[in-house]
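Input: a single structure, listed below in structure tokens.
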Amino acid sequence: MTINIICVGKIKEKYFSDAAAEFEKRLSRFCTLNTIVIPDKSIPENPSEAQCREVLQKEGEMILKKIGKSDVVVAMCIEGKQLSSEQLAQKLSEFQMESSTIDFIIGGSLGLSEEVKKRASLRLSMSSMTFPHRIARIMLEEQIYRAFKINANETYHK
């Protein structure tokens, strides 16, 4: 099983990088985890709608190039469905039956393009709150790890 986390923008802070590295190490027991970083496009201080659409389109095109034809895609977006950890574990099991690769997509500061969202088998939200991509990435890695632990009937702290 391969899990790709395709995210816009890299983690710059060492403490976030350390947390991501810890979950990547833990996940190596259960899957091959690849983190694919898409460079974020610069956005003016007060962008127009057209400038926002252009950034979303360019980031979306770069994301879509990283997705395999048979990959299951999960778009992380605020309007997505909220699942419990147990429900995510169940979805992960279902997705494993469909494909050997699952791509989780985390957008940049403007979110994800409609084209990326349309490609997704699931639109998933962690919360109705908004999180910076670096925090969302660590939360996502933790939840994927928790899902694997649940599916393996292993205990994990609550």
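Peptides 53-66, 102-115 ranked from most to least packed give 102-115, 53-66, packing being the mean of other C-beta atoms within 10 angstrom over each peptide's residues.
Based on the alpha-carbon gyration tensor of the range 96-142 and its eigenvalue square roots a ≥ b ≥ c, which shape applies: rounded if a/c is under 1.5, prolate if not and a/b is larger than b/c, or oblate? Cα axes put the range 96-142 in the oblate bin. Quick one: grab the alpha carbon gyration tensor of the range 44-110, order the square roots of its eigenvalues as a ≥ b ≥ c, and give me rounded if a/c is under 1.5, else prolate or oblate depending on whether a/b is larger than b/c. Verdict is oblate for the range 44-110.
Under 11 Å from a label point set 7 Å out along the Cα-to-Cβ vector of E13, the amide N atoms of the range 126-147 belong to 132-136. If a paramagnetic tag sat 7 Å from the Cα of Q57 along the Cα-Cβ line, which residues of the range 109-123 would have the backbone N under 18 Å from that point? Residues 110-119 fall inside that zone.
For the residue pairs K12/K91; K81/K149; K25/K66; K41/K117, the alpha carbons lie more than 26 Å apart in K12/K91. Dipole orientation for the chain: of the candidates G80, A120, I102, I102 has the Cα lying most toward the positive pole (charges on Cβ; Lys, Arg +1; Asp, Glu -1).
With the biggest extent put first, the Cα atoms of the chain measure 50, 34, 26 Å across the principal axes. Distance from the Cα centre of the range 14-78 to that of the range 99-116, in angstrom? Rounded to whole Å, the Cα centres lie 6 Å apart.
Taking Cα centre as origin and charging only the Cβ of basic (Lys, Arg, +1) and acidic (Asp, Glu, -1) residues, the dipole magnitude of the chain rounds to 220 debye.
No lab work stands behind these numbers, since they all come straight from the coordinates. In this text, all values refer to a predicted model and were calculated from it rather than measured experimentally. Using ideal geometry, Cβ is built from the backbone for each residue, glycine included, and neighbour counts are taken over all protein chains shown.
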